[in-house]
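Below is one structure, written out as structure tokens; the observations come after it.
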Amino acid sequence: MSKISIDKKTGKVSNRLTKPEMVNDRVMQMLYSGVMSDFLPLNAVPHGKDLTLECQPQGLVSAVQFFSAPVDKMTFFTFVEKVLNVIQNCVNQNISADNIDLQNDLVFVDQRSGAVKCILWPVANNMRCQSPAVFFKQLPFIVRFFPGEDVSFFQKYGEYFDGLTPFSVDSFGKLIEELIKSSPARNFNAMQQGGMADQFQNRPPLTGVPDQLPNQPQQGGMPGQFPNQPQQGGMPGQFPNQPQQNGMPGQFPNQPQQNGMPGQFPN
């Protein structure tokens, strides 16, 4: 199995292939040509008999870094929908979605535009199977929400993964749409006024390489899922006796939300 490494100084992500893995020339050419703009450009660097694929996520922050600052639930929904769109666009090009590296520190956000960028390894005989279901199921555990944010939707969100229905972009996308529509009207209407980038305009920039913040305790989680465990950050506002967490400087939680919903999911 190939080995992924992240240079802590430069942020460069490297994937050193091992037998029987080899580069898929068709997919590599598509990445070079810019046809697949959802993914970071790659370089192939020989190392003796081995080959290493490299990419440089410049000007981007990882999902771990992005969600270390408080967000509202519409920003969370929008992020989920954008990753779903990336997966669907890959499938539409007859490329296996298993080649998308869906790890929290390898999915990136452009804070200026709100775009979500992923890494697609153009590898035949890929030995690294990245499950979208696992990625989305674990995603809430890295998210911090604004104090008082309504996160009751997590019950239905978690039930989707606990059920017997296999994960699919279509069925999970419909669930997210239902959760958005069932949210209070003020949030839904405000979401329609702009895109995901609007949510970031007042955020102080998160700097550093896409190597998650190792010394920071986990923020987030699904309240109520594990009642006997001590709270580890959690969702602000779910626990009345918990001291309120402060947001990042420059946030204005009392202003109307300015984030939005991306495109619809293809059938």
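The values are calculated or read from the model by the stated rules, or taken from the named source; none is laboratory data. Just so it is clear, the model here is predicted, and its values are computed rather than measured. Ideal geometry is used to build each Cβ from the backbone, glycine not excepted, and the neighbour counts take in all protein chains shown.
Could you look through segment 83-125, keep only residues that are charged (D, E, K, R) and within 11 Å of residue 60 (Cβ to Cβ), and pick out the one that is surrounded by the fewest Cβ atoms within 10 Å (Cβ to Cβ)?
Looking only at segment 83-125, we keep the residues that are charged (D, E, K, R), and these are 98, 101, 105, 110, 112, 117.
Filter once more, keeping what is within 11 Å of residue 60 (Cβ to Cβ): 110, 112, 117.
Numbers: 110: 16, 112: 12, 117: 20.
Per the criteria, the residue is 112.
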Cross-chain or 6+ apart pairs with Cβ under 8 Å, segment 71-92 first and free of Cβ contacts under 8 Å to residues at least 60 places away in the same chain, then in a helix (DSSP H, G or I) and hydrophobic (A, V, I, L, M, F, W, C): 83/135; 83/136; 90/97
- request: Just give me the residues in segment 126-143 being touching a Phe, Trp or Tyr at 6+ places or on another chain (Cβ under 6 Å) and either surrounded by 21 or more Cβ atoms within 10 Å (Cβ to Cβ) or of a type in the set (Phe, Trp, Tyr) (or both), in sequence order.
  value: 142, 143
message: For the condition of a type outside the set (Lys, Arg), modelled with pLDDT under 90 and at positive phi, what is the one hit in 59, 34?
response: 34
message: So, in segment 124-161, how many residues would count as being β-branched (Val, Ile, Thr), assigned to a loop (DSSP other than H, G, I, E, B) and at pLDDT below 95?
response: 1
- request: Report the residue count in segment 2-30 for those that are of a type outside the set (D, E, K, R), more than 16 Å from residue 119 (Cβ to Cβ) and in contact (Cβ under 8 Å) with a residue 12 or more places away in the chain.
  value: 3
message: Testing residue 15 on (1) assigned to a strand (DSSP E or B); (2) surrounded by fewer than 20 Cβ atoms within 10 Å (Cβ to Cβ), one condition comes back false. Which one is that?
response: (2)
task: Scan the helices (runs of 4 or more DSSP H) fully inside segment 21-120 and keep the ones with 3 or more residues being within 26 Å of residue 175 (Cβ to Cβ).
output: 63-66, 73-92
Residues satisfying the stated conditions in segment 36-51, i.e. out of contact with any helix residue (DSSP H, G or I) (no Cβ under 6 Å at 6 or more places or on another chain), surrounded by 17 or more Cβ atoms within 10 Å (Cβ to Cβ) and over 20 Å from residue 112 (Cα atoms): 51
